[in-house]
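Notes follow the structure.
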């Protein structure tokens, strides 16, 4: 098959996300492969410039593949394991989202020094008051 018979159906910032999508498609019998995975692994700052790690499928499977990747099983997961009741520690709001603090400074350090220093903090950020807290 020539490369023109393949179409990109999804792109991701990280290779592990693309592998999850590829596994979902292959479980349904759709052949899929990942493009630019190794480039992004070696130089993660190229992810946005290259369009991310791309999942490609043969053109004739594109519609079905998009349908499979659009399925959302989060409700089933919540029913099975229960939803964690996470609240903002500052204002008590339940309107929080996962957040990684320190990405911008790490990028600036990379530009200035030529190598990244990873000083991230993972936690949640309140969408109401903007407070960050570690979980």
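Computed from label points 7 Å out along Cα-Cβ, the spacing between residue 63 and residue 99 is 4.3 nm.
Per residue of the chain, the DSSP helices (runs of n ≥ 4 H) give a summed -39500 (n - 2.57) that works out to -10500 deg cm²/dmol at 222 nm. The convex hull drawn around the Cα atoms of segment 16-92, when projected onto a plane and averaged over every direction, covers 8.1 nm². Taken along its principal axes, the alpha carbon cloud of segment 80-133 reaches lengths of 43, 29, 12 Å, longest axis first. Mean projection of the Cα convex hull over all viewing directions, computed for the chain: 10.9 nm². Ordered by the count of other Cβ atoms within 10 Å of each Cβ, fewest first, 25, 69 give 69, 25.
Where a number appears in this text, it was derived from the coordinates with a stated rule and is not lab data. Small disclaimer: the values here were computed from a predicted structure and weren't measured. Backbone-built Cβ (ideal geometry, glycine too); neighbour counts: all protein chains shown.
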